[in-house]
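What follows is a set of notes on a single structure, which appears directly below.
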Amino acid sequence: MTILMHEPTEELFLGVIHPDAALFADYFNVDRASWEHRNYRRELTEAGARVLTVREILLEGTIDEEGNAVEGPALDALRAFAGQFLVYNTDAMPAQSEAQRNYKEEVLRRSHPKDLVRIILLQPEIQLSQTEGNTGFAATYKQRPMMNLFYMRDQMIATFRGLVIARMHSPQREVESRVAEFCLNKIGMPPIGRISGEGAYLEGGDFLPFGNSAFIGCGLRTTQKAIDQLMENDWLGADKLMVVHDNWLEQEQMHLDTYFNCIDRDLVTLSANRYKAGPDSSQYLTVDVYERKDGTYRKTVERACFVDYLEKTLGVTVIPIARPDELNYANNYLTIGPRRIMAVAGQSQELQQALADNGVDVTWVPLPSLTQGYGAAHCMTQILGTEEVF
């Protein structure tokens, strides 16, 4: 199993000092978050996964063992990519426009690969003005840091056909898919498609493979137009697609993987508020089912009760997740094998016992800082490839 992740570092800072604008739940310590991420990667590696990071992929082939820049195609590509994220703003001095374009190219040519990565992650804009003395220039500086990039689940989905680049719903995150696509191309896994068009949004936290079928959430972050694109282009390859409709549209359960997840083909978890909700509640979930034949999907079930569909049609056992555990991202675990999960530490004894009673092997991972970004173990990982987990 190969997993793509991104360790958050300095690009988090502006986000944690205004969490709401960054799509975060609360302030958290940047250094502590980086430590938690490294610890989680170590647990995944010990469990047998191969973990790749965005930073490692961006730097691959650009530096030697001593950290010196290595000229060649990899560095040329990184320079060109970084140049898309660096802005020299000459609005206050338009006569300098061409000269500053050339100056920018010279600075990029001289930049160390690690600084090119910083440019990509921080997206700096240098707003130039002219002065009488010294170098003749002054500047103010802006950044648009990719502070949510560590949630690597969302920029793409891994289907039975290949990798599809998502279209992020939030303007704070829309650029992240470009970084994901660059990385995929560099490691020889080019995407088979990308979501596009007005009203078509897809985020990876809404997609859950399930045997040779798949669940996909339709709600706050993923739209029916994007789901239709997946089916119309036959990018999924799943025998059956189960579209879970969420009408609650609350940030705390923004993606399917925040309130529902799969441990095995006959065992899932679901937040108790969803499990208990009746048809008159906004938290009630329904499901449409599409079955694939000869590359074409046909709807066979429409707006059925999701809980009934799980228990009566699929015949799976549902473990309801109580509110305190749900708020601690108990549903946002990563399944790495049948009844084998990596989950957020600190859940209730009742949930731990329920998992044990169902034969689930759990590695409990401490993530108290990173969960303040509105995500956890599943959100931070993207499994590359099309192998079935169970």
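The values are calculated or read from the model by the stated rules, or taken from the named source; none is laboratory data. Everything numeric in this text was worked out from a predicted model, so none of it was measured. A quick note on method: Cβ atoms are made from the backbone with ideal geometry, for glycine too, and the neighbour counts reach across all protein chains shown. Areas reflect the complete protein model, heavy atoms only, side chains present, ligands, DNA and RNA absent. Shrake-Rupley method; radii C 1.70, N 1.55, O 1.52, S 1.80 Å.
For segment 70-104, taking the residues that are small (G, A, S) and more than 30 Å from the chain's Cα centre (by Cα), the one that is least open to solvent (accessible area, probe 1.4 Å) is identified as G72. In segment 91-108, is there at least one residue being under 22 Å from E181 (Cβ atoms) and at pLDDT 95 or above? Taking every residue of segment 91-108 in turn, at least one turns out to be under 22 Å from E181 (Cβ atoms) and at pLDDT 95 or above.
Looking across segment 16-60, the residues that are in a helix (DSSP H, G or I), touching a helix residue (DSSP H, G or I) at 6+ places or on another chain (Cβ under 7 Å) and closer than 21 Å to G373 by Cβ come down to V16, A22, V30, A33, E36, H37, V54, R55.
Taking residues in segment 217-241 that are in contact (Cβ under 8 Å) with a residue 40 or more places away in the chain and under 13 Å from A200 (Cα atoms), and partners anywhere that are open to solvent by 50 Å² or more (accessible area, probe 1.4 Å) and outside any loop (DSSP other than H, G, I, E, B), the pairs with Cβ atoms closer than 7 Å and at least 6 places apart or on different chains are A226/R167. Exactly one residue out of S348, S369 is surrounded by 14 or more Cβ atoms within 10 Å (Cβ to Cβ), out of contact with any Lys or Arg (no Cβ under 6 Å at 6 or more places or on another chain) and more than 23 Å from F210 (Cβ to Cβ), and it is S348. Of Y290, Y329, Y297, all but one fail to be touching a helix residue (DSSP H, G or I) at 6+ places or on another chain (Cβ under 6 Å), under 25 Å from Q224 (Cβ atoms), touching a residue at least 40 places away in the same chain (Cβ under 8 Å) and of a type in the set (S, T, Y); the exception is Y297.
Condition check ((1) under 17 Å from D206 (Cα atoms); (2) surrounded by fewer than 22 Cβ atoms within 10 Å (Cβ to Cβ)) across all residues:
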{"site": "D154", "(1), (2)": "yes, no"}
{"site": "V164", "(1), (2)": "yes, no"}
{"site": "M168", "(1), (2)": "yes, yes"}
{"site": "Q172", "(1), (2)": "no, yes"}
{"site": "R178", "(1), (2)": "no, yes"}
{"site": "P190", "(1), (2)": "no, yes"}
{"site": "R194", "(1), (2)": "yes, yes"}
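All of R298, R265, R274 fail the test of being among the basic types (K, R) and open to solvent by less than 50 Å² (accessible area, probe 1.4 Å), apart from R274. Whether a residue is among the hydrophobic types (A, V, I, L, M, F, W, C), modelled with pLDDT of 95 or more and open to solvent by 10 Å² or more (accessible area, probe 1.4 Å) was assessed, and V360 passes this test.
Suppose we filter segment 264-308 for residues that are of a type in the set (A, V, I, L, M) and more than 30 Å from L327 (Cα to Cα); how many remain? Of the residues in that region, 1 qualify.
Out of the residues in segment 305-314 that are open to solvent by 40 Å² or more (accessible area, probe 1.4 Å) and not in a loop (DSSP other than H, G, I, E, B), state the one that is farthest from D266 (Cα to Cα). Top of the filtered list is D308.
For segment 315-345, the candidate set comprises residues that are over 16 Å from L367 (Cβ atoms) and among the charged types (D, E, K, R); within that set, the residue that is most open to solvent (accessible area, probe 1.4 Å) is R323.
In segment 209-249, of all residues being assigned to a strand (DSSP E or B) and among the small types (G, A, S), the one that is nearest to G375 (Cα to Cα) corresponds to G217.
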